[in-house]
Amino acid sequence: MKVSIAGGGVVGQFIARDLVANGHEVLIVESDPAVSARQEPLPNCTWFTGDACEVSTLHRAGFGDADVVVAATGDDEDNLVVSLLSKQEFAVPRVIARVNHPKNRWLFNESWGVDVSVSVPHLLTALVEEAVSVGTLVRLLHFAEGKAGLVEVTLAEESPADGRVISDLGMPRDASVVAVVRDRRVVVPRGDTTLQAGDEVIALVTEDAEDAVRAILVG
């Protein structure tokens, strides 16, 4: 897979190293020549110096060849511009954008070409809630302009799902249990998997199905 990253700072470099280690081909576009110059060579990783907000720069860098674009600069305006250009100018299939300021998160949607936005403060809040909440549906990740996402609930003893197999839960068509964490081990859910109180159930749901899933897992 080819991944283009806008922003060669700490975040961009970390993403690039992980992707290269997993066998992907990475292009990093960085505006600061000094940052690009001091990087050690990394296999399957190419650095291009230029302004990622300029269409001409992205064309020269080969941004349009990417399967995925990651807008990872430290400026929200730049990330929005990169996302919009990636989607409208280059028709990149998947665009992931970093949200630096939590108050700007509402802007990072399909109108700006963003498929998935990542806001660290919001993720931390969700993880804190996930760690301390039992019997509460917690949103872990949003995508598709907030119309779908991953939710998690630790089943309480009074949960309607306690002791029932997944196939009998009556989950809506727009929702699916994707993982169960039990005793710190991940259980791949199947139709005959029986849920237990204390299980951490992770589900993929649409916005319309969330209330139904809450009723099934929480009550």
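The values are calculated or read from the model by the stated rules, or taken from the named source; none is laboratory data. Remember, it's a predicted structure, so these values are computed and weren't measured experimentally. Note: ideal-geometry Cβ built from the backbone for every residue, glycine included; neighbour counts use all protein chains shown.
As an exercise: evaluate Ser159 against (1) in contact (Cβ under 8 Å) with a residue 24 or more places away in the chain; (2) touching a strand residue (DSSP E or B) at 6+ places or on another chain (Cβ under 6 Å); (3) not aliphatic (A, V, I, L, M) and give the number of the one condition it does not meet.
(2)
Out of Val69, Val20, Val35, report the one residue that is closer than 24 Å to Trp112 by Cα and surrounded by 15 or more Cβ atoms within 10 Å (Cβ to Cβ).
Val69
Among all residue pairs at least 6 apart or on different chains, which show Cβ distances below 8 Å where the first residue, located in segment 87-109, is more than 14 Å from Asp76 (Cα to Cα) and the second is surrounded by fewer than 18 Cβ atoms within 10 Å (Cβ to Cβ) and of a type in the set (A, V, I, L, M)?
Cβ pairs passing all conditions: Glu89/Val55; Arg94/Val116; Val95/Val116.
Give the residues of segment 72-123 that are buried (at least 24 other Cβ atoms within 10 Å of the Cβ), over 16 Å from Val29 (Cβ atoms) and polar (S, T, N, Q), sorted by residue number.
Selection gives Ser117 alone.
I'd like to check which strands (runs of 3 or more DSSP E) are fully inside segment 115-219 and have at least 3 residues that are at pLDDT 75 or above.
Those strands (runs of 3 or more DSSP E) span 116-119, 148-154, 175-182, 185-187, 200-206.
When residues of segment 189-207 are filtered for being within 21 Å of Ala148 (Cα to Cα) and free of Cβ contacts under 8 Å to residues at least 40 places away in the same chain, how many remain?
Going through segment 189-207 one residue at a time, the tally reaches 1.
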